[in-house]
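A.B. asks: Take a look at the following structure, please.
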Amino acid sequence: MFAALKAQAPDKILALMGEFKADTRQGKIDLGVGVYKDPTGLTPVMRAVKKAEQRIWEAETTKAYTALAGEPAFLNAMSGMVLADGIAADRTAMLSTVGGTGAIRQALELARMGNPDVTIHISDPTWPNHLSIMKFMGVPFVEYRYFDNATRGVDFDGMIEDLGRAKKGDLILLHGCCHNPTGANLTLDQWGAVADLLERTGAVPLIDLAYQGFGDGLEEDAAGTRLIVSRAPEAMVAASCSKNFGIYRERTGVLLTQVENPAARDVTQGTMAFLNRQTYSFPPDHGARIVQTILDDAELKADWMAELEAVRQGMLALREQLASELRDLTGTDRFDFIARHRGMFSRLGATPEQVARMKDEAAIYMVGDSRLNIAGLNDQTVPVLARAIVDAGV
Ligand code: LMR
């Protein structure tokens, strides 16, 4: 049986993690995988998470199963964080998932069950795992233009033109904020135009919200998602707690599905729980409990928000510093887009050869499409990167 297996192409982000680990050079710089690092290179456990874990440890009396769709208190806390007052409770089904990736996977399964002829529209470029999951599942997908390599901003006209092809019942995968891998994001007006397009086409949005709080702020980063959900009759949101709560390995996420009318809610909710049962049965609970404990406690929530805000401000400062170093080195403002991008990532627009050169000559690791993780930098390494970018001829 197993002799027939074929080697799978390695995930390029995870392969890069391995390559970085194996590199023995002093001063190597990891701008690869999307994990936040503080200026010392540590991915810290957030203060509120530690406190919540302590409370849970003291109060927890059982490890018996929780609900198949996840703990209702967690789902309510997360839907509040993502959608605020915009949630139509009688039209929304909620599912606790194995991280944001689990939410994406269940969303695609649900879409396919609802419409076996669904086509998924995805941004070009997108997070490589979106592509990989869709290929693995065998769901048809088409790409829409997103990134303008000349301006390093959003090619919004191209995006709207391409999405105009979407049919009723298709799924449009959107990044709620902090677009991965480019860092180029839609303005609120542009989100409004996407809502118009959804209305025109009858396509259903699936919003991947993995970086809420890393861009312009916790509320600001959800504004586009809330606008879409308030206007689209049907919508899905896959939200991750990995980054904003820093609980990557706890695998915590939710899928929120808004249906057209309350009558469809129970069947949708049941189908989502069924999907959990078919894949891993009950979802993991520890991370969900941490998140719920924080969000439902004013003091913990305030502390978590303050730490998240410091993380966000730190990344913005690094963006400003890098753009400024590059302005000085090149005598031009052509890298100012780095300061305009938001979230963890920026796509530099370097060629694969230039990316390889930065790795070989300066031990700087970024994903081959020239996505760099801003949080992998500190004020000492920014000038090193700026120099390498110029030396590589970007
Ligand atoms: C990334 O894009 O680097 C992160 O979302 C981590 C991952 O799983 O790829």
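A.B. asks: With θ set to phi - 60°, apply the Karplus curve 6.51 cos²θ - 1.76 cosθ + 1.60 along segment 147-160 and write out the HN-Hα couplings as whole Hz, x wherever there is a Gly or Pro.
C.D. replies: 9, 9, 5, 6, 9, 6, x, 7, 8, 5, 4, x, 4, 5
A.B. asks: Taking each pair of distinct Cα atoms in segment 14-133 once, what is the resulting Kirkwood hydrodynamic radius in Å?
C.D. replies: Hydrodynamic radius (Kirkwood, Cα pairs) of segment 14-133 is 18.8 Å.
A.B. asks: Please give, to one decimal in nm, the separation of the simple spin-label points placed at Met1 and Arg249, each 7 Å out from Cα toward the Cβ.
C.D. replies: Spacing of the two 7 Å Cα→Cβ label points: 3.0 nm.
A.B. asks: Next question, about the same structure. Which sequence of Lys50, Lys301 reflects their accessible areas, 1.4 Å probe, from the largest down?
C.D. replies: Lys50, Lys301
A.B. asks: Okay, next question. Place a +1 charge on the Cβ of each Lys and Arg in segment 65-296 and a -1 charge on the Cβ of each Asp and Glu, then give the dipole magnitude about the Cα centre in debye, rounded to the nearest 20.
C.D. replies: Working: 18 positive and 27 negative charges, 145 e Å.
For segment 65-296, the charge dipole is close to 700 debye.
A.B. asks: Moving on. So with the 1.4 Å probe, I'd like the accessible area per residue for segment 65-296, rounded to whole Å².
C.D. replies: For segment 65-296, the per-residue accessible area is 37 Å².
A.B. asks: Here's something else I'd like to know. Would you kindly calculate the mean projected area, averaged across all directions, of the convex hull enclosing the Cα atoms of segment 65-296, in square nanometres? Working shown, then result.
C.D. replies: Working: hull surface 45.7 nm².
It is 11.4 nm².
A.B. asks: Under the Karplus relation 6.51 cos²θ - 1.76 cosθ + 1.60, θ = phi - 60°, what is the ordered set of whole-Hz ³J(HN,Hα) values for segment 262-277, x standing for Gly and Pro?
C.D. replies: Listing the rounded values in order: x, 4, 8, 5, 5, 5, 5, 4, x, 5, 5, 4, 4, 4, 4, 4 Hz.
A.B. asks: So, one more: Hey, can you grab everything whose amide H is under 5 Å from the amide H of Glu143? Only 5+ residues off in sequence or another chain; H modelled, so Pro and N-termini drop out.
C.D. replies: Close amide H contacts, sequence-distant or interchain: Ile122.
A.B. asks: Do you know the relative contact order of the chain, to the nearest whole percent, from alpha carbon pairs under 8 angstrom that are 6+ apart?
C.D. replies: Working: 713 pairs, mean separation 100.7, N = 394.
For the chain, the relative contact order is 26 percent.
A.B. asks: Give the Debye-formula value of log10 I(q)/I(0) at each listed q (0.17, 0.21 Å⁻¹), with one equal scatterer per alpha carbon of segment 1-72, two decimals each.
C.D. replies: -0.90, -0.96
A.B. asks: Could you please state how large a percent of the accessible area of the chain is carbon and sulfur, counting protein chains only and using a 1.4 Å probe?
C.D. replies: Here it works out to 54 percent.
A.B. asks: Separate question: Using Cα positions and a limit of under 25 Å, work out the lysines in reach of Lys51, with same-chain residues fewer than 8 apart set aside.
C.D. replies: Here the lysines satisfying the reach criterion relative to Lys51 are Lys37, Lys63, Lys243, Lys301.
A.B. asks: Take every Cα pair under 8 Å in segment 350-390 that's 6+ residues apart, average their separations, divide by the length, and report that relative contact order as a whole percent.
C.D. replies: 37 percent.
A.B. asks: Can you give the Rg and Dmax of segment 201-313 based on its C-alpha atoms, in angstrom?
C.D. replies: In Å, with Rg to one decimal and Dmax whole: 15.6, 44.
A.B. asks: Between Thr40 and Leu14, what FRET efficiency follows from the Cβ-Cβ distance if R0 is 22 Å, with the result rounded to 0.05? Please report the intermediate quantities before stating the final value.
C.D. replies: Numbers: r = 24 Å, r/R0 = 1.08.
With R0 = 22 Å, the Cβ-Cβ based efficiency is 0.40.
A.B. asks: Taking the alpha-carbon centroid of each part, what is the distance from segment 122-199 to segment 79-119 in angstrom?
C.D. replies: What the calculation gives is 18 Å, centre to centre.
A.B. asks: Something else now. Out of residues 5 or more away from Ala203 or on other chains, whose amide H comes under 5 Å of its own, with H placed 1.01 Å from N in the peptide plane?
C.D. replies: Hits under the 5 Å cutoff: Gly169.
A.B. asks: For the chain, what D do you get in µm² per second when you plug the Kirkwood radius from alpha-carbon pairs into Stokes-Einstein at 4 °C and 1.567 mPa s?
C.D. replies: 60 µm²/s
A.B. asks: Let's see if you can work this out: charge +1 on each Lys and Arg Cβ, -1 on each Asp and Glu Cβ, no other charges. What is the dipole magnitude of segment 294-394 about its Cα centre, in debye to the nearest 20?
C.D. replies: 460 debye
The values are calculated or read from the model by the stated rules, or taken from the named source; none is laboratory data. Values in this document were obtained by computation on a predicted structure and should not be read as measured data. Every residue, glycine among them, receives a Cβ derived from its backbone with ideal geometry; neighbour counts consider all protein chains shown. Areas reflect the complete protein model, heavy atoms only, side chains present, ligands, DNA and RNA absent. Shrake-Rupley method; radii C 1.70, N 1.55, O 1.52, S 1.80 Å.
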